[in-house]
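The values are calculated or read from the model by the stated rules, or taken from the named source; none is laboratory data. Because the structure is predicted, anything quoted here is derived from the model rather than measured. Virtual Cβ from ideal backbone geometry, glycine too; neighbours counted across all protein chains shown.
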Amino acid sequence: MTFDLILIGFGHVAQRFVTLLEEQRTGVTRELGCLPRVIAVSTHRHGRAFSERGLDAAALVNRHRRGESLGADHGELSTVEFIREAARKSPAAADGRLVVVETTTLDIARGQPAIDHIRTALDSGAHVVTANKGPVAFAYASLAAAAEAAGRRFLFEGAVMDGIPIFNLARENLPTVEITGFRGVLNTTTNYMLTAMEAGQTFERALAEMQAAGIAEADASLDVDGWDAAAKTAALANVLLGARMTPHDVGREGISPAAGARAVSARAAGRRLKLVAAAARDTDGVTARVGLQELGADDLLSGLDRQQNGIIFSTDLLGEFAIVQRGSGLTQTAYALLSDLIAIGRTTAGR
């Protein structure tokens, strides 16, 4: 018995995921009954690799870091055809032990091609886990329906707040509770930058530090222009508030070098400048916005420094409650993929 993994995208997050699998070998094997094996990897610039018997994932990480090709280009196949062919050859697909791990970069225009990758994987008998917020922000309802129809799971805990179980919390631990809204600091890069700038650092240097850490989006304008936060807001609203919105339906403001002076001024007055994402449901539907706000010292979000994130939920039965992530990074996002994989393993085992 094995779990087969098809990795679509092999950047920082996917590479950390495969090294984390090895680091957590004992716990993962206990949960799944085996250590999953990677049978296929597809990248945008470094080729593709496939083996029915499993690939040496650690060697692939090293090859990628050296800028070498992972293997044959399989140039005759599109990515969706590659997924379909790899799934067809996996002996684990028939009994629900094939998982596609989708970690391509966010496309803020339409959420593509990740949506097509996920739909193809589900149609091919695979479960899907993703850290890409685009599919949830643009096509959550249809993808969730496709997963249900296929008898497979579509999980995306890493799409918002890395490894903190926001979606699982609502799905598994809040029966009959209605979430009516939320507000939070959801983008790590901009929160780090605002904190750094209020201490006198330049916009450019703060952004460069997030890029060097592999935390900023591959296209950093997605962070600083507020698109990443808007996509996370749409994803949360779609899943938790029953919205049918995209990031383009979210009012949006980003940060610029001029925000540095505002951050300094706010701090001198005992306040903090934060990029706040918020959504709420009322009788007219769901409204959502991302924008800069000066928060008082008594606001929980005001105390979030550097790479910290936090979200405050409003509910009908529990009033308000908050979740704070005091540190984020590649390991936390990779752990979200790992936790989703284990959730699929538990479902497969009937637990």
Q: Report yes if ILE108 is assigned to a helix (DSSP H, G or I), aliphatic (A, V, I, L, M), under 30 Å from ALA230 (Cα atoms) and modelled with pLDDT of 90 or more, otherwise no.
A: no
Q.
Checking the conditions here, which among GLY96, GLY71 is in contact (Cβ under 8 Å) with a residue 60 or more places away in the chain, more than 28 Å from ASP223 (Cβ to Cβ), over 20 Å from the mean Cα position of the chain (by Cα) and in a loop (DSSP other than H, G, I, E, B)?
A. GLY96
Q. So which of ALA126, ALA114 is of a type in the set (Gly, Ala, Ser), farther than 30 Å from ASP225 by Cβ and at pLDDT 95 or above?
A. ALA126
Q. Only one of (1) surrounded by fewer than 20 Cβ atoms within 10 Å (Cβ to Cβ); (2) modelled with pLDDT of 90 or more is not met by ILE344, so which one is it?
A. (1)
**Q.** Residue within the range 149-165 that is outside the structural domain of THR233 (by TED's automatic domain parsing) and part of a strand (DSSP E or B) present
**A.** yes
Q. Mind checking which residues of the range 283-304 are within 23 Å of the chain's Cα centre (by Cα) and of a type in the set (Ser, Thr, Tyr)?
A. THR287
Q. Are any residues in the range 21-38 under 11 Å from TYR335 (Cβ atoms) and surrounded by fewer than 18 Cβ atoms within 10 Å (Cβ to Cβ), and if so, which ones?
A. GLU23, GLN24
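One line per residue, one yes/no per condition, for (1) surrounded by fewer than 15 Cβ atoms within 10 Å (Cβ to Cβ); (2) touching a residue at least 40 places away in the same chain (Cβ under 8 Å); (3) part of a loop (DSSP other than H, G, I, E, B):
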| residue | (1), (2), (3) |
| --- | --- |
| PHE167 | no, yes, no |
| PRO175 | yes, no, yes |
| GLY184 | no, yes, no |
| MET193 | no, yes, no |
| ARG205 | yes, no, no |
| ALA229 | no, yes, no |
| VAL239 | no, yes, no |
Q.
Between VAL128, VAL136, which is among the β-branched types (Val, Ile, Thr), in the same structural domain as LEU338 (by TED's automatic domain parsing), buried (at least 20 other Cβ atoms within 10 Å of the Cβ) and touching a strand residue (DSSP E or B) at 6+ places or on another chain (Cβ under 7 Å)?
A. VAL128
